[in-house]
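Remarks on the structure that follows.
Nothing in this text is a laboratory measurement; each read-out follows from the coordinates by a stated rule. All of these numbers come straight from a predicted model, not from anything done at the bench. Here the Cβ is made from the backbone with ideal geometry for all residues, glycine too, and neighbour counts use every protein chain on show.
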Amino acid sequence: MSNKILELKDIKREFRMGVELVKALKGVSFDVSAGEFLTIMGSSGSGKTTLLNTLGCLDKPTDGTYLLDGVDVRKLSRNELARLRNLKIGFVFQSYNLLPRTSALENVELPLMYNPDISAKDRRERAVRALESVQLADRLDHTPNQLSGGQQQRVAIARALVNEPVMILADEATGNLDSRSSYSIMALLQDLNQNQGKTIVFVTHEPDIASFSNRTITLRDGKVMKDSINENKRSAKEVLASIPTTDDY
């Protein structure tokens, strides 16, 4: 895996809160190659949220270099940054962020609405394929309140996939789910990574969840304290199989 999707070199982020200068990131450096499944861990105040905002092109670093798929993020205007974000990154959030009165299919179509080159027919076909890839082909017309928490997160993952981004960026994506639903989502992400080659960066504070990834970066006080390969990576599918079956996941 020589193709680098993310390249961070000495990333610093500082901002003022009143008279205080907060140094949220203090020289963070790491790369992520195509096809990696990386987790980023850190307690509150570690700089995890600031790093997430930087990786997602929601914020620019104060200093350092961030290349997303070879593009230097710091050199982009706000509009260029928004376009890069829409084309290159698929976001999955803890709270799903689905439109409540809109069907699963329409929720997944949403990112494609900003692309004038995609017709309504193509948009629908791509959204259907994305929902099929997360095992929700039978839930196309369901609204979020007709879906379980795990199913809503699957819709959110399908929405993240529909633009065929270079990276899926997940922020505590299992934080609102019970154990079985969490393992179901991790099994899906492992499948997308291992069988479809999707590059995944998953931000979490749970070591249990991090154990399903290939590599873990641990932040503390705005610095990378540890960057390690997970030698004993677990299979979420196997863990899921060991839990008593319920209909709701």
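Apply the Karplus curve 6.51 cos²θ - 1.76 cosθ + 1.60, θ = phi - 60°, to the phi angles in the range 63-76 and return the couplings in whole Hz, x for Gly and Pro.
Karplus values, whole Hz, x for Gly and Pro: 8, x, 10, 10, 9, 10, 6, x, 9, 7, 4, 5, 8, 8.
Please order Asp227, Asp178 by the number of other Cβ within 10 Å, starting at the fewest.
The most exposed by this proxy come first: Asp227, Asp178.
For the range 137-198, list log₁₀ I(q)/I(0) at each q in 0.15, 0.23 Å⁻¹, using the Debye formula over Cα point scatterers of equal strength and ignoring solvent, two decimals each.
So the normalised log intensities are -0.47, -1.07.
Going by average Cβ density within 10 Å per residue, which order do the peptides 200-211, 71-82, 154-165, 46-57 take, highest to lowest?
The densest-packed peptide leads the list: 154-165, 46-57, 200-211, 71-82.
Could you grab the relative contact order for the chain? Cα pairs under 8 Å, six or more apart, rounded to a whole percent.
Details: 498 pairs, mean separation 66.1, N = 249.
Worked out over the chain, it gives 27 percent.
Restricting to DSSP H runs of at least four residues, report the calculated mean residue ellipticity at 222 nm for the chain, -39500 (n - 2.57) per run over all residues, nearest 500 deg cm²/dmol.
So the calculated ellipticity at 222 nm is -9500 deg cm²/dmol.
Once the dipole of the range 1-146 is set up with Lys and Arg at +1 and Asp and Glu at -1 on Cβ about the Cα centre, which of Leu58, Ala104, Leu136 lies farthest towards its positive end?
Ranked along the dipole, the leading option is Leu58.
So how do Tyr183, Tyr66 line up by other beta-carbon neighbours within 10 Å, fewest first?
Fewest-to-most ranking of Tyr183, Tyr66: Tyr66, Tyr183.
Of Phe91, Phe30, Phe15, which is the most mobile in a GNM of the chain whose springs link Cα atoms less than 10 angstrom apart?
Evaluated over the chain, the most mobile residue of the options is Phe15.
Which percent, nearest 5, of DSSP beta bridges in the chain are antiparallel?
55
Take the Cα radius of gyration of the range 1-101 and divide it by 2.2 N^0.38 Å, with N its residue count; two decimals is plenty.
Numbers: Rg = 14.6 Å, N = 101, 2.2 N^0.38 = 12.7 Å.
My calculation over the Cα atoms of the range 1-101 gives 1.15.
Considering only Cα-Cα distances, which of the following residue pairs are longer than 26 Å: Lys4/Lys48; Lys23/Lys226; Lys9/Lys226; Lys75/Lys226; Lys75/Lys121? Mind dumping the intermediate values first?
On the way: Lys4/Lys48 21 Å; Lys23/Lys226 19 Å; Lys9/Lys226 16 Å; Lys75/Lys226 29 Å; Lys75/Lys121 35 Å.
The answer is Lys75/Lys226; Lys75/Lys121.
Which order, highest average first, do 212-219, 122-129, 167-174 follow once you tally other Cβ atoms within 10 Å for each residue and take the mean per peptide?
Sorting 212-219, 122-129, 167-174 by mean packing, highest first, produces 167-174, 212-219, 122-129.
Using θ = phi - 60° and the Karplus relation 6.51 cos²θ - 1.76 cosθ + 1.60, list the HN-Hα couplings for the range 14-30 in order, rounded to whole Hz, with x at every Gly or Pro.
Result, ordered by residue: 10, 8, 9, 10, x, 8, 8, 8, 9, 9, 6, 10, 10, x, 8, 9, 5 Hz.
Can you tally the net charge around Gly27? Count Lys and Arg as +1, Asp and Glu as -1, for every other residue whose Cβ sits under 12 Å from the Cβ of Gly27.
Value of the local net charge: +2.
Label the chain by shape, choosing from rounded, prolate and oblate, from the square roots a ≥ b ≥ c of the eigenvalues of the Cα gyration tensor; if a/c is under 1.5 it is rounded, and otherwise prolate applies when a/b is larger than b/c, oblate when it is not.
It is oblate, given that a/c is not under 1.5 and a/b is not larger than b/c.
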